[in-house]
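These notes are about the structure you will find just below.
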Amino acid sequence: MEVIVQKTPEDMARAAAREVANVLNAKPNAVLGMATGSTPLGVYQELVKLHKRGELDFSHVTTFNLDEYVGLPITHPQSYHQFMHENFFRLVNIPAQNIHIPSGTTTNYPAFCAWYEQRIRECGGIDLQILGIGSDGHIAFNEPGSSLSSRTRLKTLAKQTIDDNARFFERREDVPIYAITMGVGTILEAREIILLANGAKKADAIAAAVEGPVTSMITASALQMHPSTRVYVDEPAASKLKMREYYDWIQEKMPGAPPA
Ligand code: F6R
């Protein structure tokens with residue numbers, strides 16, 4: 001894991017967006033794994049800016065979202081379908097047929113989940129997966145105790161996650177209890193992963209994920225097993241990392257292009 005500490009959430013968003021742009025410039029038909037929640041919003045805003053300036057084309061891009069709440073129609077203001085449409089898809093030029101978001105209203109979850117996994121394979125796998133992290137250390141909705149080889153499935157949300165996400169709903173009771181989510185095993189198959197976190201509320205989860213043992217109690221810690229994950233954090237989210245100085249040293253001494 002490479003840890004990249006940025007001064008502010010805005011710096012973090014710009015750095016992560018640059019990484020997405022680099023992938024798309026190298027492979028215009030890349031497959032992107034998308035996350036929702038507050039954390040990646042800045043990255044989406046930066047990508048939209050690059051697109052509006054004519055510097056980034058999404059016309060050959062395919063996307064797969066990590067998760068969706070069960071029981072919310074796609075038109076519900078808090079559904080992840082709405083979130084993605086409002087904050088990203090309506091603002092760039094990804095063809096509608098290339099967009100995949102898990103269904104929160106299917107009548108057959110096992111069949112839908114198997115289909116979702118198969119679609120990812122048919123599209124050649126995910127080139128770059130964007131992730132946030134829950135305060136309980138989850139990635140996607142892989143709550144503590146999720147198998148580290150889990151695949152897309154229905155998952156019961158932890159009380160901590162329901163509390164955290166209640167801020168988006170009128171009442172806590174309105175937060176769905178179930179979600180459909182890519183599994184940890186599904187996520188680990190992405191070729192590149194970027195994990196984003198900002199704010200002091202994420203400091204414990206980031207320290208556990210990056211420097212703690214690999215454990216299903218903190219599903220983000222499974223990323224330690226992934227060959228190419230970069231962790232973008234702002235100062236408060238990095239505040240509990242013991243090896244902080246070393247991570248900064250690595251960035252400072254990053255070898256540039258060899259002399260000609
Ligand atoms: C959302 C997702 C979740 C969030 C996490 C952090 O698609 O997969 O794992 O990334 O709950 O949410 P925020 O960014 O709102 O703190």
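No lab work stands behind these numbers, since they all come straight from the coordinates. Small disclaimer: the values here were computed from a predicted structure and weren't measured. Methodologically, a virtual Cβ is constructed for each residue, glycine included, from the backbone with ideal geometry; neighbour enumeration extends over all protein chains shown.
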Average Cα contact separation per residue, the chain, under 8 Å, 6 or more apart, as relative contact order %: 24
Dividing the mean separation of Cα pairs under 8 Å (6+ apart) by the residue count of region 27-145 yields a relative contact order in percent of 35
Dipole in debye (nearest 20) - the chain, about Cα centre, beta carbon charges: Lys, Arg +1; Asp, Glu -1: 180
Residue-wise, which Karplus ³J(HN,Hα) couplings in Hz belong to region 132-144, taking 6.51 cos²θ - 1.76 cosθ + 1.60, θ = phi - 60°, and x for glycine or proline? x, 9, x, 5, 8, x, 6, 10, 6, 10, 7, 6, x
Among rounded, prolate and oblate, which fits region 217-260 when a ≥ b ≥ c are the square roots of the eigenvalues of its C-alpha gyration tensor, a/c under 1.5 means rounded, and a/b larger than b/c means prolate? oblate
At q = 0.11, 0.14, 0.23 Å⁻¹, what base-10 log of I(q)/I(0) does the Debye formula yield for region 96-189 when every alpha carbon is treated as an equal point scatterer in vacuo? -0.34, -0.55, -1.30
Antiparallel as a % of all DSSP beta bridges within the chain, to the nearest 5? 30
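Counting only Cα atoms, I'd like the Rg/Rh figure for region 1-76, Kirkwood definition for Rh.
Rg/Rh for region 1-76 comes to 1.00.
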Towards the positive end of the charge dipole of the chain, with charges on Cβ (+1 Lys, Arg; -1 Asp, Glu), say which of Gly33, Ile120, Asn198 has the farthest Cα. Ile120
Dipole magnitude of region 9-157 about its Cα centre (Cβ charges: Lys, Arg +1; Asp, Glu -1), debye to nearest 20: 240
Hey, what number do you get for the chain at 222 nm if only DSSP H runs of n ≥ 4 count, each worth -39500 (n - 2.57), divided across all residues, to the nearest 500? -9500 deg cm²/dmol
I'd like to know which of Asn22, His81, Val61 lies farthest towards the positive end of the charge dipole of region 12-103, counting +1 on Cβ of Lys and Arg and -1 on Cβ of Asp and Glu. Asn22
Of the beta bridges DSSP finds with both residues in region 55-203, what % are antiparallel, to the nearest 5? 55
What is the order of Glu19, Glu86, fewest Cβ neighbours within 10 Å to most? Glu86, Glu19
Could you let me know the centre-to-centre spacing of region 32-80 and region 225-243, using Cα atoms, in angstrom? 23
